[in-house]
1. To the nearest 10 degrees, how steep is helix 300-309 against the longest Cα principal axis of the chain, on a 0 to 90 scale?
2. At 0.36 nm per residue, minus the direct Cα-Cα distance, what do SER360 and GLU286 gain on full extension? Give it in nm, one decimal, please.
3. May I ask which of LYS104/LYS246; LYS24/LYS93; LYS24/LYS373; LYS246/LYS373; LYS43/LYS121 have a Cα-Cα span longer than 30 Å here?
4. Calculate the spin-label point distance for THR309 paired with GLU247, positioning each point 7 Å from the Cα along the beta-carbon direction, and give it in nanometres.
5. Please compute the net charge surrounding GLU321, taking Lys and Arg as +1 and Asp and Glu as -1 over other residues with Cβ under 14 Å from its Cβ.
6. Relative to the longest principal Cα axis of the chain, at what angle does helix 130-142 sit, 0 to 90 degrees, rounded to 10?
7. Determine the sum of side-chain charges near ILE292: Lys and Arg each +1, Asp and Glu each -1, restricted to other residues whose C-beta is under 15 angstrom from that of ILE292.
8. What's the center-to-center distance, using Cα atoms, between region 139-155 and region 188-250 in Å?
Amino acid sequence: MYRLVCVSCGASYPPDEILYNCTKCGHLLAVRYDLPALAVSRKIWDSRPLSVWRYRELLPVTIEPVTINEGGTPLYHLKRLGKELGIPHLYAKHEGMNPSGSFKDRGMTVGVSMALQLKKKSVACASTGNTSASLAVYAAKAGIPAVVLLPAGKVAVGKVAQALMHGAKVISIRGNFDRALEMVHELCLSHGLYLLNSINPFRLEGQKTIGFEAIDQLGGVPDRFVLPVGNAGNISAVHKGLLELKELGLVDSLPMMTGIQAAGSMPVVRAIRENLPEVIPEGDPETVATAIRIGAPVNAEKALTAIRTTGGLAESVTDDEILAMQRDLARKEGIGVEPASAASVAGVKKLIEAGAIDRSERIVCVVTGHLLKDPDTVIRQCEPPTEIDADLPSLLAALRL
Ligand SMILES: *Cc1c(COP(=O)(O)O)cnc(C)c1O
Ligand SMILES: [Zn+2]
């Protein structure tokens, strides 16, 4: 029902070939379905609970999937923040509400299921944190070993805790994420582990369901989708899914795909701004938003296409803007997210203030990971708790009552 097709030269490969790059030109592969032959029906989808697996006809898995109920995340109407910005239709899809606390679970439920379907015995990834946490969870559920490579000292503590507790073999390398990915890629090619970074075409199939769910929750296609961009897998995945819905005749317009990066790590933003044919990698990316601290985004080619062909935008935000929005989401909307996630909404604020976005647009921001992933960055921004003696006068004094 599907083939693996090179996103650049169009070469096509059978679905069970274990391949991450085109053997003819080296570019990435994507799953291409024979869409007219699929038994996709809105009615069947509507009869199932909101989740990744509601859309299983548009996923490559044919075995019983490895699942712990991923997806089905809330879509919040940001009324207070929207009012402040003068945009009445601002929404956030809270992907931090997935089982391991980030959207990576959508990719891993499909990716680890495919590992079993392809008869692989072990899985691996490089990670800025969330991919490793999620892979550890799904490998545990599948009962197979996982190896994860992290950039030493640059991973938020909650994410490392998850990878360790769920039983992955956790390796910290004295190098950055981009180097970790090169190393794990080589390891997988030479030793047969199944690679589950976002160069894996099946993982992105799971992630595209963010777009499907948002449309179902909103009751229609938003004008704009805004995502934080690291490796650019997620923005590419959501775009791919929406193209499929359009081809199937289930939607008749596409949202403007808009990517937000941190100012210290913004190769995609530069490429859009300077109208470059491809991104120029940054050797030394730096940002408080460690989940998007990536200088050489592997899915950049697809992301540039997604942004350009939909008339979308790319913008960068400073660490201060990211942290201010993390606090605003927490204090004005009750939404707790990690710094990278706040980048999407911070980017909307910046674009609105610059007059680059029409205020009447219906905008869905993907907020990608949970607040508790990175407690250190939270605690650094907040007043510490007030410690008092255990008596009522001290309490009243502390509350100035
Ligand atoms: C992985 C991740 C991102 C970046 O997604 P890409 O697909 O790499 O662009 C953003 N935010 C969080 C919380 C993440 O875990
Ligand atoms: Zn090719």
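1. 80 degrees
2. 23.2 nm
3. Over 30 Å apart, Cα to Cα: LYS24/LYS93; LYS24/LYS373; LYS246/LYS373; LYS43/LYS121.
4. Placing both labels 7 Å beyond Cα along the Cβ direction yields 0.9 nm.
5. -2
6. The angle comes out at about 60 degrees.
7. Combined, the nearby Lys, Arg, Asp and Glu give -4.
8. That distance is 22 Å.
We did not get these values from a lab; they are worked out from the coordinates using the rules stated. Keep in mind that what you see is a predicted model, and the values were worked out from it rather than measured. Using ideal geometry, Cβ is built from the backbone for each residue, glycine included, and neighbour counts are taken over all protein chains shown.
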